[in-house]
Structure formats: structure tokens, C-alpha cells
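Scroll down for the structure; my scribbles are underneath it.
The values are calculated or read from the model by the stated rules, or taken from the named source; none is laboratory data. None of these values were measured; they are calculated from a predicted model. Here the Cβ positions follow ideal geometry from the backbone for every residue, glycine too, while neighbour counts run over all protein chains shown. Note: accessible area is taken over every heavy atom of the protein model, side chains too, but ligands, DNA and RNA are not part of it. Shrake-Rupley method; radii C 1.70, N 1.55, O 1.52, S 1.80 Å.
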Amino acid sequence: MTQVVEIKIPDIGDFKDVPVIEVLVSPGDKVEKETSLITLETEKASLEVPAPQAGMVQDIKVKVGDKVSEGTVILTLAVTEQPAAPVRPEAATGEREETPAAPVATTPAVSPQSTVPADMHADVVVLGAGPGGYTAAFRATDLGKKVILIERYPTLGGVCLNVGCIPSKALLHAAKVITDADEAASHGIVFGKAQIDIDKLRGWKESVIAKLTKGLKALAKQRKVEVVHGNGKFVTDHSIQVETAEGSKTISFEHCIIAAGSSVTRIPGFPYDDPRLIDSTGALALNDVPQRMLIIGGGIIGLEMATVYAALGSKISVVEWMDQLIPGADADLVKPLHRRIGKRYEAIYLKTKVTKIEAAEAGLTVTFEGDKAPQPQTYDRILLAVGRRPNGHAISAAEIGIQVNERGFIPVDQQMRTNLPHIFAIGDIAGEPMLAHKATYEGKLAAEVIAGHKVAFDARTIPSVAYTDPEIAWMGLTEKEAIKQGIDYEKAIFPWAASGRAISMAREEGLTQLLLDKTTRRILGAGMTGINAGELIAETVLALEMGADMQDLSLTIHPHPTLSETVLFAAEMAEGTITDLFPPKK
């Protein structure tokens, strides 16, 4: 019997009013379970919403550009049957399913303890050796556990160390040297035009990676952590099969920590077989410096790579579907960056999307769509930087009873436990934000829980940094979030144009912003834009964790002249005690 059902946006974490950037099906299409229906774009990643069951598309309720939230109806689906959902223990007690924040740990009705013969056994198996994974492995070993660490790359460190955070910062350092040398001309120091030896620059970047990966290898050896290189997937709830260069190995465990990370998001229909269309890994390979380059995605990853390639000599264009760059940050913080790069880049297209990429001998021709979309343009290289998606569906977790939500995240509780009490998940795969320092914190925590420590995740905030030029950093509550939540807050801003240190560095375009509770005067959030903002944000993170108020910050003596005292000055702006500017009226 055919039944028409409404398909709604599932739980997408804390995101609301997320724009639809692509509708992937049409009325009359037959879809299977897990077929992607639409694509959404948050500030961190593009998300595909899958069909919860098979059927035929009847009526599509959304279009490109619409903004949706959890529960929004996206289409109707004609199905021949409506299978009853299996009753899970948490559903019977009224707990919500598939929430990244806190699932109820339950004993599954599937996958009994492994009876599969194992080649190796450990107290703790860690799947993935990125910042969270190796931290978890090392901490578990220090606490007396026998640990096996599984890693798909030939070296430890995961995406972050090998093809992410570390190589990008090495290249950003090189970019800063070039930019600083160019700008020194304005105050009487003139250098010749930079001569770029691309092979030597690439070799230096690789040497940075090698130094750190060798250090991790040595630490693993010192701690007697056994490392197995290969792709791992669960075969039972107490064993993982790893495809190694020497063949398949089955590893059994008492506890497991999943640290399998995330993968680059792709937009369907683009010519990915063309080497001129690259992702962040390809950009960091630094094979050459293209004359004309398009960055698809105005988030952190895209803009960091734009910073590098612009300094090396590429003409950069950026296209972003949202109405501002780095959509997750407050507009006030992004404006100084936008003003600076707007003068340096060939073009910045906001509220614009790429609808087609055509490969030709002369280059990649791009068709745009949006309010101020340009005519088709041809580029020598295109970087696709629209975010990352968690690898929850890639490790056969659901097959052995681990709860994996539609987006690929594995929900965990405050002790990083999945719904299987002996299996934990950390890092990108455990939920937003997808940041290395979050993974490290969670990895150490999971290891300590396994060792019997009475600990839980209780961090009040996780800072974010865009290592652009200028840098942008923020933590705690953003102004956007405060407005959405109806919080009665106050904002204090100190412009770096009044900072002696910033002026002496010829970089006074920055600002420091504090958000505070109007009643208690306690800090709720902070953000800053400018040189070394990523280093400066840590003070405000500590302030939030300690429950500091504006008086605590304004009465703390900071060294002068420094950029760090802009936090002091912002607090004095809030208190009305500032002398370096005329105090605001209260």
C-alpha cells in the first residue's frame, strides 16, 4: 500500500536557518534509503540530507536559497510501506535519538562480544592517529593500558599534521614574510621582488611535517604503543579489521576510541578527474603557482589558502554563498579582513554560487549564479573549500550497533561514550566544531574515563581561529548567537587604531571585542581581528572558564605596549574607565 510521507530536516546540531545550496532530486525520481536529497551549507561544512527510506519523490517543498532548520519539510515521498522503527532503550525513556551532544549509553541488541579470531589484542584500540587519536593513545598508555593505534596514513598525525593545520601554517608563515617585505616599502625599507623557489619552499614545508611526525613516532615507541598502518573498519563490537600493506589483520579490544576524523566535502557534478580542480590537500602540495585561481568557499580553509597563493603571486577570486566571509564569525570581526583582501584580490563574490565547471585546454571555465554573479570566467586552478564531513559512515560503525546520525557524526555523552558503553568517539567524528584542539581535549578525557577517572567534558567554550591576514579569533558567545537566544548583553569594542603597538607595526586595522552580561558584567564571549589574534584569544578563554567579569580584566595589569592590552582596553571601555580613548556614555 502506497503512503505519502513528509521528509523533514533531521537534527543538524546547533545550526538554524541554514541555506539550501543544491536540490539533488526532482519530482518523480525514485530514491533509495540514504540517497542525498538536498545540500545545506553551514560555516564549517556542506551537508547532504539523505532519504530516511526508499520511495518516489512527489512534491519538493524547498528551493535553492531557502533557509531551513530541524523539522522543516523538504519534500514528500511516496513509499510502498512504512517500516516500524526499532524501539531503542533511549526512545522508551523519552531521550532524543541522534543528538551529537549526549546519547544514552545502552547495551545494543546487536553484535555480541567478538568471537572472530583475532591476530592482535589490546586493552584500548584507537582508530585514527590525528591530534585526538595520538593524544588518546599516549594518555591511555601512561595510565597503564596496552594500546594499539590504527592509522591510515604512513605517518602519525592524521590530516592536521600531514595535510592540514601544520603545513598550512608553514606556508602562511612564508606568505607573511613576503607580505611584510612588500609593505616595508611604505616606511622606507625597500627589498627587491621576492624570488620564489617553489621546490625549495615545498621541501621546507615537508621538513616541518617530517620533524613533527618523527617526533610522534619516537613518542609512540617510547610509550610502547603498537602502531598498525591501514584502513580499519568494525567487524564486531569488540574487533576491527585493518587492511594493511601486508594483508588483513583483525584486532580485538576491551575498549575502543574512534578518532577517524573527517573528509573533504564535494559538490556533485564537478570535474574531479581534472587535476586543476583541487581540494585543500592539493593546495598544500604546492605543485605550482597558478596565474589565476578561484577559491570556492569563503570559510577558514579557503581564505587561508587564498592568503598563501596571493602572497606567492596568484590573482585570487573568492566565491561564497553566504552574505559574508567566514559566516561563523561576527560581521564586525570579518570586516577588517574583507577590506584588506578586497583591495588585494581580483574579486570577492558574496551570495553567489558556482553552478558549473567546464574543463578546457585553456583552463577551467566557471558559471556563477547569484545577485551579483559575473559572466563565466576561466581560471588556471580552482580550490574547492566548502568544508568537511565526518567519517562516521566509512568505518562500518552502524553495522555493529554504534549510533551514527544522518550527517555521519557519532553522538557521545559528556564522557565521550557512544551508545555502546565500551566504545568512545572523539574529534571531528563526535560533532562540531571540527577543530584539532577540541579533539586533543576529548582524546585525553576518553583515555582517563577508560582508566577509571571520574572526569567529564565541561569546557565552557572552544576557541576558533582563522589564520588569515589579518587573523580572526573568537570564543564563547558570538553576537549572532546572543541575539538569537534573546540574551541581554552588552558589547565593548576597542579599535586597534588607538593601540600604540598596532600603530608601530603599521597594522592598526584590527579590533578587540568583548561581550558581557549586562547584569553580572561577566564575560560571555570575545573576538579579535589583527596580527596574532590567535595567540591573544587564549586570555579571554581563561577569563570565561574562570567566570571573570569586566573589573577582573580591567584591573589586571598588562604589559605596554602590547597587543594583549587591547583586551584590557576593551574591558575598560565596558567599565567606562578608559583613558586611551574618550569613554563611552553610560
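Name the single residue that is surrounded by the fewest Cβ atoms within 10 Å (Cβ to Cβ) among those in the range 130-168 being in contact with a strand residue (DSSP E or B) (Cβ under 6 Å, 6 or more places away or on another chain) and among the aliphatic types (A, V, I, L, M). Here the answer is ILE148. Among the residues of the range 289-320, those that are open to solvent by 30 Å² or more (accessible area, probe 1.4 Å) and either among the aliphatic types (A, V, I, L, M) or modelled with pLDDT under 95 (or both) comprise VAL289, ILE300, ILE301, ALA310.
Answer with yes or no whether ALA436 is out of contact with any Gly (no Cβ under 6 Å at 6 or more places or on another chain), crowded, with 24+ Cβ neighbours inside 10 Å and modelled with pLDDT of 95 or more. Criteria not met by ALA436. Looking at the range 305-323, which of its residues are over 18 Å from the mean Cα position of the chain (by Cα) and assigned to a strand (DSSP E or B)? Matches in the range 305-323: LYS315, ILE316, SER317, VAL318, VAL319. Residue-level analysis places ALA174 outside the set of residues that are over 26 Å from ASN391 (Cβ atoms), in a helix (DSSP H, G or I), of a type in the set (A, V, I, L, M, F, W, C) and free of Cβ contacts under 8 Å to residues at least 60 places away in the same chain. When SER252 is tested against (1) crowded, with 16+ Cβ neighbours inside 10 Å; (2) more than 27 Å from the chain's Cα centre (by Cα); (3) assigned to a helix (DSSP H, G or I), exactly one condition is not met: (3).
Of all the criteria given as (1) farther than 14 Å from ARG407 by Cβ; (2) in a strand (DSSP E or B); (3) at pLDDT below 85, the one not satisfied by LEU40 is (1).
Go through the range 324-383 and report how many residues are assigned to a strand (DSSP E or B) and either in contact with a Ser or Thr (Cβ under 9 Å, 6 or more places away or on another chain) or surrounded by fewer than 19 Cβ atoms within 10 Å (Cβ to Cβ) (or both). It would help to see each step written out before you state the result.
Within the range 324-383, the first condition is being assigned to a strand (DSSP E or B), and the residues that meet it are 347-350, 352-360, 363-370, 377-379, 381-383.
Subset that is either in contact with a Ser or Thr (Cβ under 9 Å, 6 or more places away or on another chain) or surrounded by fewer than 19 Cβ atoms within 10 Å (Cβ to Cβ) (or both): 347-350, 354-360, 363-370, 377-379, 381, 383.
Final tally of qualifying residues: 24.
Restricting the first member to the range 277-288 and to residues that are closer than 17 Å to ALA174 by Cα, and the second to residues that are crowded, with 18+ Cβ neighbours inside 10 Å and of a type in the set (Ser, Thr, Tyr), the beta-carbon pairs closer than 7 Å and six or more apart or on different chains are LEU284/SER168.
Is one or more of the residues making up the range 197-216 farther than 25 Å from VAL308 by Cα and surrounded by 15 or more Cβ atoms within 10 Å (Cβ to Cβ)?
Within the range 197-216, the subset farther than 25 Å from VAL308 by Cα is 214-216.
Now restrict to residues that are surrounded by 15 or more Cβ atoms within 10 Å (Cβ to Cβ): 216.
Yes, the range 197-216 contains a residue that is farther than 25 Å from VAL308 by Cα and surrounded by 15 or more Cβ atoms within 10 Å (Cβ to Cβ).
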